[in-house]
Amino acid sequence: MEHEELFPLLCATAEGKKEAFASLYTKTSAQIYAVALKMLKRKELAEEATQDTFIKIWHGASSYQRSKGTVLTWMVSIVRYRALDLMRYHNIRNEVALGPETDSPQTSMALPTAEKRRLAECMDELEDAQRQAIHLAFYGGLSHQEVVQHLDSPLGTIKSWIRRGLQSLQRCLSL
């Protein structure tokens, strides 16, 4: 799904155009739901996160900033944060499988195939510790403190691995 296709729909949604919002929903809801289900592992919670995400998109479409990423990336970040909230509320973190044996990030994000492949290539270029810390924090939904416990490393080290890993990913993906 191209950014050029979603951006006008989001702009029209920001203007209160229900038809544009319906089209945006139709084009992206399966991907948003997939992210929620991947994180939450429970259908009813994934449905709740998806619904809450689209409510937030309807009300907050005008807050999207093109300079910070694509429309789909913005939408995925909304569902990710909502899923994290639900995980905390329902205390289901222990149900999420942890470690390198979990699905790879490229299969857990709602991205087109070419972008998944590019993300996988960039993730493979990271140091093992960076890759695992990012995987746990962003795909497993763990807090920094939970990553500390899982990897048995100091908080400052975990934060550095994540920050440097994300910077490396950003450089790699911008090439």
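The values are calculated or read from the model by the stated rules, or taken from the named source; none is laboratory data. This structure is a prediction, so every number in the text was calculated from the model and none was measured. Note that each Cβ is placed from the backbone with ideal geometry, even for glycine, and that neighbours are counted across all protein chains shown. All accessible areas refer to the heavy atoms of the entire protein, side chains included, with ligands and DNA or RNA removed. Shrake-Rupley method; radii C 1.70, N 1.55, O 1.52, S 1.80 Å.
The table below gives the values:
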| read-out | value |
| --- | --- |
| Test result for Ala30, hydrophobic (A, V, I, L, M, F, W, C) and surrounded by 14 or more Cβ atoms within 10 Å (Cβ to Cβ) | no |
| Top-ranked residue of the stretch 146-163 - restricted to ones that are modelled with pLDDT of 85 or more and under 21 Å from Arg80 (Cα atoms), ranked as most open to solvent (accessible area, probe 1.4 Å) | Arg163 |
| Residue in the stretch 44-51 that is buried (at least 17 other Cβ atoms within 10 Å of the Cβ), part of a loop (DSSP other than H, G, I, E, B), in the same structural domain as Thr13 (by TED's automatic domain parsing) and among the hydroxyl-bearing types (Ser, Thr, Tyr) present | no |
